[in-house]
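Beneath this line is the structure, given in structure tokens, with notes to follow.
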Amino acid sequence: MTTNSKPKIAFFDFTSCEGCQLTVIDSLQDYPELLEAVEIVQFREAMSEKGEDYQVAFIEGSCTRESDEERLRSIREQASVVIALGTCADLAGVNALKYLHPLDEVRQYVYGDKANWFETYDARPISAVIPVDGAIPGCPIDRDEFIACVKALLLGKKLPVPDYPVCVECKLKENECLFHKGEVCLGLVTRAGCKAICPSYGQPCEACRGFISNPNDTSMHDLLDEHGLTLDEVILKYTMFTTYQVRETLLRRQEGHEQQN
């Protein structure tokens with residue numbers, strides 16, 4: 001990424017609320033020097049121009065239609081670097097809640113008697129369709145983390161996204177553990193990087209940044225049991241943002257069990 005000419009960057013959106021792109025716009029207002037270091041050639045939220053010559057693609061949103069796949073492959077073919085922007089792009093996010101119900105029922109519930117008018121299938125993250133070179137998690141993304149990641153990209157470095165739990169950030173901020181207040185928090189198994197913003201304001205973590213690569217599931221389950229949560233309540237806690245991640249983990253475990261037998 002360190003060439004004499006400015007890297008050309010494009011932003012794309014799929015199924016999402018586009019809140020991550022709005023966070024990008026908000027972030028760049030405080031870091032105008034980054035706009036001098038790159039050339040944004042496509043960004044529907046911020047400009048009407050639409051250039052197709054780009055090296056870096058930031059993609060927000062999950063893939064929820066078969067027709068999305070061709071567009072994603074086209075972006076991947078053009079871009080040297082593809083970054084999943086936000087939890088919907090990284091993990092399919094709340095869109096993957098469709099997995100918890102039969103797809104036909106979801107279509108009927110959302111579209112009613114127009115259910116057959118609209119194309120849809122089970123939501124999936126961008127990485128399930130094309131290779132990605134990195135991800136910036138969050139719902140929405142953290143503005144400071146986005147800036148740090150862009151700087152790392154420009155320097156050819158690894159994205160500085162933590163792989164330790166939110167509990168670490170809570171302790172650094174000297175927050176009282178919400179479990180001590182009778183709340184149920186997923187900070188024990190959730191990827192940090194959000195500055196523990198929700199627990200800092202008394203709101204339990206709901207894993208909007210996804211789980212760390214090696215979560216202590218046993219301790220988490222023990223804590224949930226101690227607080228008397230039913231199976232349905234546990235599922236609701238674990239799948240608000242991470243249905244796809246949970247589903248893929250369960251499928252891998254099932255495949256491993258079948259291979260052992």
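The values are calculated or read from the model by the stated rules, or taken from the named source; none is laboratory data. The shown structure was predicted, so the numbers you read here are calculated from the model rather than taken from an experiment. All Cβ positions, even for glycine, are placed from backbone atoms using ideal geometry, and neighbour counts span all protein chains on display.
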Residue that is closer than 30 Å to Asp232 by Cβ, outside the structural domain of Lys237 (by TED's automatic domain parsing) and touching a helix residue (DSSP H, G or I) at 6+ places or on another chain (Cβ under 8 Å), where the choices are Gly86, Gly19: Gly86
Single residue of Val184, Val189, Val234 found to be within 23 Å of Leu100 (Cβ to Cβ), out of contact with any Leu (no Cβ under 9 Å at 6 or more places or on another chain) and of a type in the set (A, V, I, L, M, F, W, C): Val189
Subset of region 220-238 (residues that are surrounded by 12 or more Cβ atoms within 10 Å (Cβ to Cβ) and either of a type in the set (Lys, Arg) or part of a helix (DSSP H, G or I) (or both)): Met220, His221, Leu223, Leu224, Glu233, Val234, Ile235, Leu236, Lys237, Tyr238
In region 112-136, the residues that are under 16 Å from Ser16 (Cα atoms) and part of a helix (DSSP H, G or I): Ile126, Ser127
Filtered residue count, region 52-98, keeping only those that are in contact with a Ser or Thr (Cβ under 8 Å, 6 or more places away or on another chain), under 24 Å from Phe241 (Cβ atoms) and polar (S, T, N, Q): 3
Filtered residues of region 13-61 (kept if more than 20 Å from the chain's Cα centre (by Cα) and among the β-branched types (Val, Ile, Thr)): Val38, Ile40, Val41
First in region 88-111 and over 24 Å from Glu206 (Cα atoms), second anywhere and among the hydrophobic types (A, V, I, L, M, F, W, C) and surrounded by 12 or more Cβ atoms within 10 Å (Cβ to Cβ), Cβ under 6 Å, 6 or more apart: Arg107/Ala115; Gln108/Ala115
Selection within region 190-207 - surrounded by 23 or more Cβ atoms within 10 Å (Cβ to Cβ) and hydroxyl-bearing (Ser, Thr, Tyr): Thr190
Test: residue in region 184-191 that is at pLDDT 95 or above and closer than 29 Å to Ile40 by Cβ: yes
Those helices (runs of 4 or more DSSP H) lying entirely in region 137-219 with at least 3 residues hydrophobic (A, V, I, L, M, F, W, C): 143-154, 166-172
